[in-house]
Amino acid sequence: MTWIDISQTLTDDTAHWPEDAPFSFELPVTKAETGSVNIGKITTSTHTGTHIDAPFHFDEAGGTVETLDINRYIGDATIISVYDTEVITKPMLSSFEIKGTILLIKTQDAYDTETFPETVPVLDGDAVEYLASAGIKLFGIDVPSVDALDSKDLTIHHKLHQNDIMIIENVVLAGTPDGFYDFIALPLKIKGGDGSPVRAAVKAKGE
């Protein structure tokens, strides 16, 4: 079985939301000092790199990470490419064959993971309703947010949640062809967490 890693590598240079804590890894305890082990320490926002949003991220009454059903993050996925648009619409989505409960949208062929983007493409409301009608339960995209980066009301986050669709952001899909895949991206079981980094991977159907 050939699994393809579609998660960002986290480094001290990984782009992060300007107001968030950047990712940092250090090695405060070394094998040279202890004679037995290295022990690392990480500091990061829960929304740096490839990550899931728990509903609590944008809804005070929403579920936190440890309450989420992990089965929502394992399953049959479709990857599609939608380029050169500011808004992803229902007609665009309906032109693709979508299978499974997970949809991942590729909007770019190359990634500069050290630079935070100025703008991102977003779904419109009708597109969200279309995905819900198609049975999608997890929506992923290769940018830091499903909403415009300057959005305060997070309309699409809320619209997806209202339609029982979970969110994964910053997936890395360049070099992964459109098609049908097995998918897994498990969040850490963080009590009270608003989100979590994930190690996301896909495997082409039939392999």
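Do the conditions hold for PHE25, that is, is it open to solvent by 30 Å² or more (accessible area, probe 1.4 Å), in contact (Cβ under 8 Å) with a residue 60 or more places away in the chain and more than 20 Å from TYR111 (Cα to Cα)?
The answer is no for PHE25.
Residues in the range 68-88 that are in contact with a Phe, Trp or Tyr (Cβ under 9 Å, 6 or more places away or on another chain) and open to solvent by 30 Å² or more (accessible area, probe 1.4 Å): how many?
2
Which strands (runs of 3 or more DSSP E) does the range 126-207 wholly contain that include 2 or more residues that are closer than 21 Å to ASP112 by Cα and either within 17 Å of the chain's Cα centre (by Cα) or of a type outside the set (D, E, K, R) (or both)?
By residue number, 138-141, 166-169, 195-204.
Among the residues of the range 29-87, which ones are charged (D, E, K, R) and either modelled with pLDDT under 95 or not in a strand (DSSP E or B) (or both)?
LYS31, GLU33, ASP59, GLU60, GLU66, ASP69, ARG72, ASP84, GLU86
So which of ILE80, ILE70, ILE42 ends up being touching a strand residue (DSSP E or B) at 6+ places or on another chain (Cβ under 9 Å), closer than 14 Å to PHE139 by Cβ and not hydroxyl-bearing (Ser, Thr, Tyr)?
Going through ILE80, ILE70, ILE42 in turn, just one is touching a strand residue (DSSP E or B) at 6+ places or on another chain (Cβ under 9 Å), closer than 14 Å to PHE139 by Cβ and not hydroxyl-bearing (Ser, Thr, Tyr): ILE80.
Restricting attention to the range 32-63, and to residues there that are among the acidic types (Asp, Glu) and farther than 17 Å from GLU169 by Cβ, which single residue is nearest to the chain's Cα centre (by Cα)?
Applying the filter and picking the extreme gives GLU60.
The values are calculated or read from the model by the stated rules, or taken from the named source; none is laboratory data. Just so it is clear, the structure is predicted and the values come from calculations on it, not from any experiment. Methodologically, a virtual Cβ is constructed for each residue, glycine included, from the backbone with ideal geometry; neighbour enumeration extends over all protein chains shown. Ligands, DNA and RNA are stripped out before the accessible areas are found, and what is left, the full protein with its side chains, is counted by its heavy atoms. Shrake-Rupley method; radii C 1.70, N 1.55, O 1.52, S 1.80 Å.
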